[in-house]
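First comes the structure, then the notes that go with it.
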Amino acid sequence: MAEQLTYKDAGVNIDAGNYSVKLIKDSVRATYRPEVLGDLGGFGGLFALKKYHEPILVSGTDGVGTKLRIAFLLNKHDTVGQDAVAMCVNDILVQGAEPLFFLDYLAVGKLDPEQVASVVKGVAGACKESGCALIGGETAEMAGFYPEGEYDIAGFCVGVVEKSKLITSEKVKDGDILLGLPSTGVHSNGFSLVRKIVFEHQGMKGDEYIDELGRTIGEELLIPTRLYPKTCLPLIRDFDIHGMVHITGGGFYDNIPRALPEDMSVVIDTAAWEMPPIFRLLQKWGNVDWKEMYRTFNMGIGMVLIAAPEEAERIKERLELENEQVYTIGQVRKGNHDVTLKGGVFHG
């Protein structure tokens, strides 16, 4: 009698997938907003949009990228879920949008329910902190496609903003001030260069304690991307913000122009904030040109707000009253849609 093959024989364990869902149910339900309809397990997530005068839906999608290699190396999976959420909610935030709901996609080589639960609990925690519901997702077991223990995660977020509060480049004008909100570290960009510097060039394993950091290099690099909605949504509501920038891949040089009209430029004073030690170490260990550093990494500033001088001062006062760090980092000038860095390592 010929051997009878099953899906499990091919490397896909449906029972393990069902167990994974059981492990994450409570975490997912904890993110639900009143607008969420139904429960986990449907073919699509349901969300009843509340009443807006002129609602504009804003969506964004992203992944965690090669930062995942460090999670695999250290077998630590509870932070990368926040990275996946943050990269999406922060992106739509710069248009003024409140994140409404998030869906994740997790692809694994061999399904480990506890590993999946760790990742998704990180996703759920970040959604809850951002005020958006985790209304669905997909876990795909792709036998033979990813090595055992490895996975990829991506997701997308949908948010909404009143048309009157939509943030575009149209309002940005000569003389506007740039305010910078600190990052929590490297966030989720530039990790191909990070890994080359740390693990190839320096030969580290990830568990080396670094005095300047006060933790191991692996712990530092896995600090998750900061979630900015809780800080910025009240500012969007209460102030006239002309522009916002999420500093991701491309650093200062490529991201800031995305928030500028074609005839405007900015000058950034890099001495206006204290650069976190990790960036000085990466520059030193890799002998990286400083311009390359500011083109690749956030260098300690994860979100930028652009507003008229008087409004910028009021925003800064509000944030300082709430014990939020904020820095005046630059100014908009007429120009050719570019970024000039001065001060600090640029000796301007």
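A few notes on this one:
- Among the GluC sites (Glu not before Pro) found in region 256-348, those both in a DSSP coil and sparsely packed, with 15 or fewer other Cβ atoms within 10 Å of their Cβ, are Glu262, Glu274, Glu322, Glu324.
- For the chain, the residue among Asn189, Ala107, Val158 whose Cα projects farthest onto the positive side of the dipole built from Cβ charges is Val158.
- Projecting the Cα atoms of Met299, Ile329, Leu341 onto the dipole axis of region 290-348, where Lys and Arg carry +1 and Asp and Glu carry -1 at the beta carbon, places Leu341 farthest toward the positive end.
- Given +1 at the Cβ of Lys and Arg, -1 at the Cβ of Asp and Glu and no other charges, the dipole of the chain around its Cα centre is 260 debye to the nearest 20.
- The amide H of Leu178, built 1.01 Å from its N in the peptide plane, has Ile329, Gly330, Gln331, Val332 as neighbours under 5 Å, considering only residues 5 or more places off or on other chains.
- Entry for region 24-95 at q = 0.17, 0.24, 0.28 Å⁻¹: log10 I(q)/I(0) = -0.92, -1.21, -1.23, Debye formula applied to identical alpha-carbon scatterers, no solvent contribution.
- Kirkwood Rh, Cα atoms: Rg over Rh of region 158-208: 1.24
- Both radii come from the Cα set of region 213-348: Rg as radius of gyration, Rh as Kirkwood radius; their ratio Rg/Rh reads 0.97.
- Eligible lysines near Lys230 by straight Cα distance, threshold 19 Å, same-chain separation 8 or greater: Lys128, Lys165, Lys316
- Per residue, the solvent-accessible area of the chain (1.4 Å probe, heavy atoms of protein chains only, all protein chains present) comes to 47 Å².
- Expected 222 nm ellipticity per residue - DSSP helices of 4 or more, -39500 (n - 2.57), all of the chain, to 500: -9500 deg cm²/dmol
- Filtered chymotrypsin sites (Phe, Trp or Tyr not before Pro), region 183-257: DSSP coil and at most 16 other beta carbons within 10 Å: Phe239
The values are calculated or read from the model by the stated rules, or taken from the named source; none is laboratory data. If you're wondering where the values come from, they're calculated on a predicted model, not measured in any experiment. So basically every Cβ, Gly included, is an ideal-geometry build from the backbone, and we count neighbours across all protein chains shown. Heavy atoms of the whole protein, side chains included, go into the accessibility calculation; ligands, DNA and RNA do not. Shrake-Rupley method; radii C 1.70, N 1.55, O 1.52, S 1.80 Å.
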